[in-house]
Each structure stands twice: as structure tokens, then as C-alpha cells.
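Trainee: The structure under discussion is supplied below as C-alpha cells; questions concerning it will follow.
The values are calculated or read from the model by the stated rules, or taken from the named source; none is laboratory data. Here the structure is a predicted model, which is why all the values come from computation and not from measurement. Backbone-built Cβ (ideal geometry, glycine too); neighbour counts: all protein chains shown. Remember, those area values only see protein heavy atoms, side chains included, never the ligands or the DNA or RNA. Shrake-Rupley method; radii C 1.70, N 1.55, O 1.52, S 1.80 Å.
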Amino acid sequence: MNTEERNKAQFRRTYEEGLNRGDLAVADELIDPDCLDHEGHPGGDRGPESMRSLITMLRTAFPDLHFAIEHLVAEGDTVAGRLTMSGTHEGPLMGIPPTGRSVRQASMHFVRFRDGKAIEHWGVRDDLSMMRQLGVIPSPKEISSEPSKEASLT
């Protein structure tokens, strides 16, 4: 197996074993201690602990969490993946109490590898869509159907 295929396999394991199955130990196998997660919060953006925290947070909020890997591309030491996350919001998520609603969220992730371990991660997620699905942020349709403040003042 060439390096690009090995890196794609490690990317898959991160999502399938770590996030989908909740295997926290896989973080030590797949994430370099010096790995920088550009999407992690300050102080929680380095190494395997960053991945363990993410797995715990997401699986607490969405016990039926599932990431579907839609497409992977590898070039050199970097793997790019297009994913769809789905789950039912049954636990707290970043201060949002459980809503019982199901969500689907599209995302793109770029992971750079060295010696079979992730050393850098960038992610782009459709958080706005997820917040709308959770009912935290109204959709444009909901906003346009609300009576205007001007109309209520007259």
C-alpha cells in the first residue's frame, strides 16, 4: 500500500472507529502528540486529547452519531474528505440543551499525515444548517413569515 492509500485508510479509521464507534483509544494510534487541530478550541487543539474531547462531546450530544465518508482524495501527505454527519440531538451540545431533533451536516476535512499519524487538521462544516435543524437559529422562511415590527407599530 502506498503512502497516500495508507493515509486514506488512517483518515477512514479516525471517523469509523473513533467518531462512529466512540473508540477513544484510536486517538493515540492515529493522532500525533504534536498534531494541531485548526478547528479545536485554544488549549484543546493539540494531540490525541483534542480528538478524544471531540469524540466525547459529539457522542454525548448525538448518541447515534454517524459520519458517512462521501469522497476521499489524497495527494502527497494530505487527505481531503467530504463527509456527512448525522445524529439525533439527545444530549447537551455547546450549551444547547437536547432538542430531540435529527440533523445532517455536510463538512470537508483536510488532514496532513506524517509516518501514518495525523499532524494537522482543518475542517469546514455547515454549522448554520445544523443550528437551523436544531431550531436554534430560524431559517430564512421562518424569518420572512414573521410579522414585521413596522407593521405591529402602526
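Trainee: Might you check whether a residue that is open to solvent by 60 Å² or more (accessible area, probe 1.4 Å) and touching a residue at least 24 places away in the same chain (Cβ under 8 Å) occurs anywhere in the stretch 44-52?
Mentor: No, every residue in the stretch 44-52 fails to be open to solvent by 60 Å² or more (accessible area, probe 1.4 Å) and touching a residue at least 24 places away in the same chain (Cβ under 8 Å).
Trainee: Would you mind telling me which numbered condition in (1) among the charged types (D, E, K, R); (2) surrounded by 14 or more Cβ atoms within 10 Å (Cβ to Cβ); (3) farther than 22 Å from T56 by Cβ E90 fails?
Mentor: (3)
Trainee: Starting from the stretch 109-131, take each residue that is in contact (Cβ under 8 Å) with a residue 40 or more places away in the chain and among the polar types (S, T, N, Q) and list its partners that are part of a strand (DSSP E or B) and open to solvent by less than 30 Å² (accessible area, probe 1.4 Å), counting only C-beta distances under 6 angstrom and pairs at least six apart or across chains.
Mentor: none
Trainee: May I pose another question? Output the number of the condition that A68 fails; it satisfies all remaining conditions of (1) open to solvent by 40 Å² or more (accessible area, probe 1.4 Å); (2) without any contact (Cβ under 8 Å) to a residue 24 or more places away in the chain.
Mentor: (1)
Trainee: Consider P98 against the criteria (1) part of a loop (DSSP other than H, G, I, E, B); (2) more than 21 Å from M131 (Cβ to Cβ); (3) of a type outside the set (G, A, S): it satisfies all of them except one. Which criterion is unmet?
Mentor: With (1) part of a loop (DSSP other than H, G, I, E, B); (2) more than 21 Å from M131 (Cβ to Cβ); (3) of a type outside the set (G, A, S) applied to P98, the lone miss is (2).
Trainee: Moving to a separate point now. Go through the stretch 101-130 residue by residue and tally those that are surrounded by 17 or more Cβ atoms within 10 Å (Cβ to Cβ) and part of a helix (DSSP H, G or I).
Mentor: 1
Trainee: Failed condition for L24, given (1) open to solvent by 60 Å² or more (accessible area, probe 1.4 Å); (2) in a helix (DSSP H, G or I); (3) of a type in the set (A, V, I, L, M), with all others met?
Mentor: Among (1) open to solvent by 60 Å² or more (accessible area, probe 1.4 Å); (2) in a helix (DSSP H, G or I); (3) of a type in the set (A, V, I, L, M), the lone unmet condition for L24 is (2).
Trainee: Right, here's the next one. Restricting attention to the stretch 31-40, does a residue exist that is in contact with a helix residue (DSSP H, G or I) (Cβ under 7 Å, 6 or more places away or on another chain), open to solvent by 20 Å² or more (accessible area, probe 1.4 Å), in a loop (DSSP other than H, G, I, E, B) and over 14 Å from T14 (Cα atoms)?
Mentor: Looking for residues that are in contact with a helix residue (DSSP H, G or I) (Cβ under 7 Å, 6 or more places away or on another chain), open to solvent by 20 Å² or more (accessible area, probe 1.4 Å), in a loop (DSSP other than H, G, I, E, B) and over 14 Å from T14 (Cα atoms), one finds at least one in the stretch 31-40, hence yes.
Trainee: In addition: Write out, first by first residue and then by second, each pair whose Cβ atoms fall under 9 Å of each other, whose residues are 6+ apart or on separate chains, and whose first residue, in the stretch 78-89, is modelled with pLDDT of 95 or more while the second is buried (at least 21 other Cβ atoms within 10 Å of the Cβ) and of a type in the set (S, T, N, Q).
Mentor: Here the result reads T78/N7; V79/N7, each pair linking the stretch 78-89 to a residue that is buried (at least 21 other Cβ atoms within 10 Å of the Cβ) and of a type in the set (S, T, N, Q).
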